[in-house]
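Written out below as structure tokens is the structure these notes cover.
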Amino acid sequence: MSTEQVFSDVAGLSKRYMSSGRLAIESVTLGVGSAKFASIVGPSGCGKTTLLKTICALLQPTAGTVTLAGRLVTTPPLLVTHDIDETVYLSDRIFVLSPSPSIVIRAFDIQLGGTRDQERTRSEPAFLALCNETHHLIGRPRPAAKESV
């Protein structure tokens, strides 16, 4: 990447699914500069999703490394989702964006304490309060809880 500082660096990334033996991505190397936008394009089944999941540490690579701002990525650094409850459960920090044009209207840390367990964590009052606050900030009511059968 010329003389520009690389913010995100993928070096020799490969992923082989052990269950099938299929090699999904092989020796991918790329760098993205700070404040730059990159896209991954290709035909269906070429490994785009596997590459992104591996870059984000949602899948363990078979080989290679990913660094972000010079630090080795071993846990997911960022989660982008429309599922607010899942965001609160999985994240350590939330950035709430405004409608277009997008700006950060609020950033806050998630402090649920201890090891997170889906059943226990999702029933904690702190979890419910964080979900409600996040729903309120983006201007839509929290979906009604599903009844158990």
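What to note about this one:
- Of the solvent-accessible surface of the range 5-84, computed with a 1.4 Å probe and all protein chains present, 57% belongs to carbon and sulfur.
- Neighbourhood net charge (10 Å Cβ-Cβ; Lys/Arg +1, Asp/Glu -1) for GLU26: +2
- Within the shell defined by Cβ-Cβ distances under 14 Å, the residues around PRO76 carry a net charge of +2, with Lys and Arg each +1 and Asp and Glu each -1.
- Net charge of neighbours whose Cβ lies under 10 Å from the Cβ of ILE110, counting Lys and Arg as +1 and Asp and Glu as -1: 0
- A protection proxy built from the mean count of other Cβ atoms within 10 Å ranks the segments 64-71, 127-134, most packed first, as 127-134, 64-71.
- Remark: the range 17-32, residue by residue, has Karplus-estimated 3J(HN,Hα) of 6, 5, 4, 10, x, 6, 8, 8, 9, 9, 6, 7, 10, 7, x, 10 Hz, where x stands for each Gly or Pro and the curve is 6.51 cos²θ - 1.76 cosθ + 1.60 at θ = phi - 60°.
- Ranked by the mean number of other Cβ atoms within 10 Å of their residues, highest first, the peptides 9-19, 50-60, 36-46 fall in the order 50-60, 9-19, 36-46.
- Cα gyration tensor category, rounded, prolate or oblate, for the range 1-56 with a/c compared to 1.5: prolate
The values are calculated or read from the model by the stated rules, or taken from the named source; none is laboratory data. Because the structure is a prediction, the values reported are computed rather than measured. Don't worry about glycine lacking a Cβ; one is built from the backbone with ideal geometry, like all the others, and counts go over all protein chains shown. With ligands, DNA and RNA removed, areas are computed over all heavy atoms of the protein, side chains included. Shrake-Rupley method; radii C 1.70, N 1.55, O 1.52, S 1.80 Å.
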